[in-house]
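Here the structure is laid out as structure tokens; the discussion comes afterwards.
The values are calculated or read from the model by the stated rules, or taken from the named source; none is laboratory data. Given the structure is predicted, the values throughout are model-derived calculations rather than measurements. Methodologically, a virtual Cβ is constructed for each residue, glycine included, from the backbone with ideal geometry; neighbour enumeration extends over all protein chains shown.
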Amino acid sequence: MKNKVFASWSGGKDGCLACYRALNSELEVSYLINMVTEDGTRSCSHGVSAEVLRVQAQAIGIPVLQRQTTRETYEAVYKGTIRSIKREGISGGVFGDIDFNAHREWIEKLCQDTQIALYLPLWEESQDKLIREFVNAGFISVVVAAKTDFFDKDILGKTIDIDFINYLEGMRKTKDITLCGEAGEYHTLVIDGPMFGERMRIVEAEKVLRDGHWFLDIKNCDLLPK
């Protein structure tokens, strides 16, 4: 019998790849956990619409647990969510961190305090290897947020593919940028891939500037058969 776990979820490529690896191992991913803003409209991590992430979860076929929180209550709400699903036999959590030690320390404490196992399928692997594995596995994701220090608004909506990887490789000659955006340079939304039973289609979106970041504010999306 596989161990039941949840996956920490922002809708982006790294968490998705970690979840995919978990599903192909000894783990059963029963829930996606996504923290949203106090008004319930957006994901706390990348500012993606909460409704868009619900559509994404529907496409994947794994229930998403969205919990409203503030910066001050974030940890307490996350712990409460974990404790509530432990009663259903959830024994661990899957996280898509690669090499950000400060966040690893936070999630280690989170899991220790809630007495669940921690799984970090991507930890300390080559970012070049990981992003190419993601693309080669057949996942399709688009850029939904980007720092103005590195990109202009034209980057929004770009697909993560070999051309994009090559573009980032070229940028690295003059800018201190990580290939997977682990330092927050850019964020993505996965819209299709081997985990998906249906594919997402972005119907309407607007490019907005907020707090030194460009955001693709998705107003409407739907699902199409594969």
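Here's a check for you: in the stretch 177-201, which residue that is among the charged types (D, E, K, R) and in contact with a strand residue (DSSP E or B) (Cβ under 9 Å, 6 or more places away or on another chain) is farthest from VAL52 (Cα to Cα)?
So in the stretch 177-201, the residues among the charged types (D, E, K, R) come out as 182, 185, 192, 198-199, 201.
This time we only want the ones that are in contact with a strand residue (DSSP E or B) (Cβ under 9 Å, 6 or more places away or on another chain), so: 185, 192, 198-199, 201.
Numbers: GLU185: 22, ASP192: 13, GLU198: 14, ARG199: 13, ARG201: 10 Å.
Among those that are among the charged types (D, E, K, R) and in contact with a strand residue (DSSP E or B) (Cβ under 9 Å, 6 or more places away or on another chain), it is GLU185.
Just checking, which of GLN112, GLN127, GLN66 is closer than 22 Å to ARG199 by Cβ, not hydrophobic (A, V, I, L, M, F, W, C) and not assigned by TED's automatic domain parsing to the domain that holds HIS213?
Working: GLN112 fails: closer than 22 Å to ARG199 by Cβ; GLN127 fails: closer than 22 Å to ARG199 by Cβ.
Among GLN112, GLN127, GLN66, only GLN66 is closer than 22 Å to ARG199 by Cβ, not hydrophobic (A, V, I, L, M, F, W, C) and not assigned by TED's automatic domain parsing to the domain that holds HIS213.
Would you point out which residue out of VAL36, VAL64 is of a type in the set (A, V, I, L, M), in contact with a Leu (Cβ under 7 Å, 6 or more places away or on another chain) and surrounded by 15 or more Cβ atoms within 10 Å (Cβ to Cβ)? First the steps, then the outcome.
On the way: VAL36 fails: in contact with a Leu (Cβ under 7 Å, 6 or more places away or on another chain).
Unique residue meeting the criteria: VAL64.
Pairs please, first residue from the stretch 123-137 and surrounded by 14 or more Cβ atoms within 10 Å (Cβ to Cβ) and among the hydrophobic types (A, V, I, L, M, F, W, C), second anywhere and at pLDDT below 95 and outside any loop (DSSP other than H, G, I, E, B), Cβ atoms under 6 Å, 6+ apart in sequence or on different chains.
none
Go through the residues of the stretch 91-111 one by one and say whether even a single one is aromatic (Phe, Trp, Tyr) and buried (at least 17 other Cβ atoms within 10 Å of the Cβ). Break it down stepwise before answering.
As a first pass, look at the stretch 91-111 and keep what is aromatic (Phe, Trp, Tyr): 95, 100, 106.
Applying the additional criterion that residues be buried (at least 17 other Cβ atoms within 10 Å of the Cβ) yields 95.
Yes, the stretch 91-111 has at least one match.
Return yes when ILE131 is part of a helix (DSSP H, G or I) and β-branched (Val, Ile, Thr) and no when it is not. It would help to see each step written out before you state the result.
Details: part of a helix (DSSP H, G or I): yes; β-branched (Val, Ile, Thr): yes.
Considered against the rule, which asks whether it is part of a helix (DSSP H, G or I) and β-branched (Val, Ile, Thr), ILE131 comes out as yes.
Go through (1) assigned to a helix (DSSP H, G or I); (2) in the same structural domain as LEU17 (by TED's automatic domain parsing); (3) closer than 30 Å to ILE202 by Cα; (4) of a type in the set (D, E, K, R) and name the single condition ARG104 misses.
If we test ARG104 against (1) assigned to a helix (DSSP H, G or I); (2) in the same structural domain as LEU17 (by TED's automatic domain parsing); (3) closer than 30 Å to ILE202 by Cα; (4) of a type in the set (D, E, K, R), just (3) comes out false.
For the stretch 10-33, which positions are among the polar types (S, T, N, Q) and buried (at least 20 other Cβ atoms within 10 Å of the Cβ)?
We begin by selecting, within the stretch 10-33, every residue among the polar types (S, T, N, Q); these are 10, 24-25, 30.
Scanning the stretch 10-33 gives a single hit, SER10.
Mind listing whichever residues of the stretch 150-171 are closer than 24 Å to GLY212 by Cβ and touching a residue at least 24 places away in the same chain (Cβ under 8 Å)?
Correct list: PHE150, PHE151, ASP152, LYS153, ILE155, LEU156, GLY157, ILE160.
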